[in-house]
Amino acid sequence: MPILEARSLTKTFRRPDKASGFKGAVKHLMQRKFKNYTAVDGIDLSIDAGESVAYVGPNGAGKSTTVKLLTGILRPSEGTVRVMGRDPHTERIANAHDIGVLFGQRTQLWWDLPVEESLKLLKHMYGVSDADYQRRIAKFDELLDLNEFMPALARTLSLGQRMRADLACALIHDPKMVYLDEPTIGLDISVKDRLRAFLRELVNDGTTLLLTSHDLADIEEVCERIVVIDKGAIAYDGSIERLKAHYITTKAVNLYLEGTADVPALAEKFPDYEWTAGEAPSEVTVTYESGRFTTAEVLGSLTAQLSPRDLSLSEPSIEDVIRRLYAGELTK
Amino acid sequence: MTHALAVDRALVVIAFKRRLAYKSGWIFGLALGGGSMLISLTMWQNLLGDGSLNGYDWASMRAYTIIGFIAATMVFGAADYQIADRILDGHIAVDMTKPVDFQRARAAEYIGSMISTAPTAALGVLGAWLLFDPPGPVTPTAGLLTALSFVLLFPLAFGITYLSVLVCFWTKRYLGIMWLREALLSFFSGLMIPLAFMPGWLQAAAWALPFPHFTTTPSAIYLGRVDTAGALGLIAAEAAWVVGLWYAGRLVFRFAVRKVTVHGG
């Protein structure tokens, strides 16, 4: 039984269509023209309870708009959304009790007050008991070092502290469904690691998670399923493992030869592999189809015939696959 | 206390604390507000002398100006721009994910910020009392009814402010709307000049609006320019505006929320 179900979800915005400069501004004042822009175009999405789903796409693909449609902030132009059986827009307040939302670029802390005040206000809003509040704050402190900055004014926090506090705000009521829109944006590596560990624990506890991020390490470390959106439509929906198995069909070996690498000659000698010159004159990259050859076979033939000074293996990452999906080089 | 009231209380308290978070600005406002009233009182003292204009002598004008000052401090000192800013900068997206009625939550915050103006009003009134010795209410009943009309100013001010702030969904700007609202309120409430000084048609236009309840209603009750029945009628009209504006706010929000765009993140 899906906890979230969207059918033919579409959101169209109306944008002013005006030329630049003073003339354009005056003309638009006299003759107002608008263009419709479809941010989300007929998306079908179903998420089961306990799933952790990464929702990725290039800038302007419609990720944040989808999150706002799923959380009830925006009203769909067409299509339907059901979250735990409710329409999140028309039943906004009931839905809000069961969801937690974090927008990486918009804080929910009261800017001019201590972090603790914001959390206490949210405790009242969600009707969290004193005992549950204390228990959750203690857990957040254990995982996110929350008490370190609880008395600090929100506007004095570093970005990493602000994001940890915002995460606590999003989860203080133990929501069943959590939406995280770019939760690691602008954070340094150590804070990212802590946040990812926290999110893994959240998923292990059975919380349903929808995560948007440009950082693919967030996705690989936290999510099992990935949905790629481009130009408002879904370009891929499936497990991360399947994505890798389906699209990562080649592997590569970097060779460091004794002298200058003669790439055309090597390509003629080993026509089953693809050869490209490396950064240094002696460096060359050999790409081979992983379905046709094993790494041992490739290494065996190359080391026997070329006696390289050194070599290294490189496996195309999920990042390469996503990049190619964005570029339209791969299809569903 | 029910859950909804506990949330209202928490929002009132947090809005109050937010205003006090900027201590120097708050203390500056405290001194400035009272100062402008003292200037106004001095002006009327010189203008009226021992005579009267349109039924106001110096004694009644002292009370009128102080009442106008209290109303102005409450209304112009509240944090209407905080609601407008959240609409304009997209933070409304965060508000919409919270399990509270948007309008009710903003009302609680607005009233919390209005309460933070109480020390300014109290200090100004104390100064005026010491320097100008204004008359008391015409009867104890008039005093009580004046207080009641002041209590109704909290939701009335919110109703007008909320409706004007919602216009931001269409205009994408707030400053002009705020200026227009404050100008209309200053003029038609009688804050700038008592309504009795205006021609009949303009007075009729003013009474067709909610603004006279900000100064003219409480001062008329306090000074006995209306009897008890008249006072109750004015308070009933004020209460009707409170209810009407509340539901008008609900109706406009229903359309306004469709305008939410919040592009980019």
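Shown for B:H213, A:H124, A:H173, A:H97: other C-beta atoms within 10 Å of each C-beta, ranked fewest to most, produce the order A:H97, A:H124, A:H173, B:H213.
Quick one: of the DSSP bridges fully inside chain A, what percent are antiparallel, nearest 5?
Details: 41 of 59 bridges.
Of the beta bridges lying entirely in chain A, close to 70 percent run antiparallel.
When the Cα positions of B:S52, B:G124, B:G90 are compared along the charge dipole of region B:4-132, B:G90 comes out farthest toward the positive end, with charges on each C-beta of Lys, Arg, Asp and Glu.
Counting only other chains, what is the mean number of Cβ atoms within 10 angstrom of the Cβ of each residue in peptide A:56-68?
Numbers: counts 0, 0, 0, 2, 2, 0, 0, 1, 5, 4, 0, 2, 7.
Partner Cβ neighbours, averaged per residue: 2.
Adding -39500 (n - 2.57) for every DSSP H run of four residues or longer, then dividing by how many residues chain B holds, sets the calculated 222 nm ellipticity at -24000 deg cm²/dmol.
What is the diffusion coefficient of region A:50-181 in µm²/s, taking the Kirkwood radius over Cα pairs and the Stokes-Einstein relation at 10 °C with a viscosity of 1.306 mPa s? Mind dumping the intermediate values first?
Values: Rh = 15.8 Å.
D, rounded to a whole number, is 100 µm²/s.
How fast does region A:203-316 diffuse by Stokes-Einstein, in µm²/s, taking the Kirkwood radius from C-alpha pairs at 20 °C and 1.002 mPa s? Working shown, then result.
On the way: Rh = 16.8 Å.
Stokes-Einstein gives a translational diffusion coefficient of 127 µm²/s.
Put simply, region B:157-265 fits an ellipsoid with semi-axes of 32, 16, 10 Å; these come from the alpha carbon gyration tensor as the roots of five times its eigenvalues, largest first. For region B:3-259, the ratio of Cα radius of gyration to the globular rule of thumb 2.2 N^0.38 Å stands at 1.03.
Comparing mean-square fluctuations of A:L45, A:L109, A:L302 from a GNM of chain A with C-alpha springs under 10 Å, the top value falls on A:L302.
Report, for the protein assembly as shown, the % of DSSP beta bridges that are antiparallel, rounded to 5.
70 percent
Between 0 and 90 degrees, the angle of helix A:115-126 with respect to the longest Cα principal axis of chain A falls at about 70 degrees. Taking the helices alone, chain A has a mean residue ellipticity at 222 nm of -11000 deg cm²/dmol, built from -39,500 (n - 2.57) per DSSP H run of at least 4 residues and averaged over all its residues. In chain B, the longest principal axis of the Cα atoms and the axis of helix B:102-115 are about 40 degrees apart.
If you place +1 on the Cβ of every Lys and Arg and -1 on the Cβ of every Asp and Glu, how big does the dipole about the Cα centre of region A:256-332 come out, in debye to the nearest 20?
Numbers: 6 positive and 14 negative charges, 44 e Å.
In debye, rounded to 20, region A:256-332 gives about 220.
Once Rh is set to the Kirkwood radius over Cα pairs, what Stokes-Einstein translational diffusion coefficient, in µm²/s, holds for chain A at a temperature of 4 °C and a viscosity of 1.567 mPa s? Working shown, then result.
Details: Rh = 23.1 Å.
It comes out at roughly 56 µm²/s.
Quick check on the exposure proxy: order A:K23, A:K192, A:K244 from fewest to most C-beta atoms within 10 angstrom.
Numbers: A:K23 10, A:K192 20, A:K244 16.
Listing A:K23, A:K192, A:K244 from fewest to most nearby Cβ atoms yields A:K23, A:K244, A:K192.
Taking springs between alpha-carbon atoms closer than 10 angstrom, which of B:L153, B:L145, B:L126 fluctuates most in the Gaussian network model of chain B? Residue with maximal mean-square fluctuation among B:L153, B:L145, B:L126: B:L126.
Excluding A:P281 itself, calculate the net charge of residues whose Cβ lies under 14 Å from the Cβ of A:P281, where each Lys or Arg counts +1 and each Asp or Glu counts -1.
Values: positive: A:R309; negative: A:E258, A:D262, A:E279, A:E283.
Overall, the nearby charge balance is -3.
Each Lys and Arg contributes +1 and each Asp and Glu -1, all at the Cβ; summed about the Cα centre of the protein assembly as shown, the dipole is approximately 2560 debye. Treating each Cα of region B:149-191 as one equal point scatterer and applying the Debye formula with no solvent, the log10 of I(q)/I(0) at q = 0.18, 0.20, 0.30, 0.33 Å⁻¹ comes out as -0.56, -0.67, -1.07, -1.12.
Note that the protein assembly as shown shows a convex hull volume over its alpha carbon atoms of 219 Å³ per residue.
Counting only other chain Cβ atoms within 10 Å of each residue's Cβ, the peptide A:103-115 averages 4. A simple spin-label model places pseudo-atoms 7 Å from Cα toward Cβ; at A:D132 and A:R75 they are separated by 3.1 nm.
The long axis of helix A:295-306 is offset from the longest Cα principal axis of chain A by roughly 40 degrees.
Within the listed set B:A236, B:A121, B:A79, the residue fluctuating most in the Gaussian network model of chain B (springs between alpha-carbon atoms under 10 angstrom) is B:A236. Rounded to the nearest 20, the size of the Cβ-charge dipole of region B:3-259 about its Cα centre is 1000 debye, with Lys and Arg at +1 and Asp and Glu at -1.
Residue by residue along B:159-167, Cβ atoms of other protein chains within 10 Å of the local Cβ number 0 on average.
All of the numbers you see were taken from the coordinates with simple rules; none came from a lab. Note that the coordinates shown come from a computational prediction; the quantities given were computed from them, not determined experimentally. All Cβ positions, glycine included, derive from the backbone under ideal geometry; neighbour counts span all protein chains shown.
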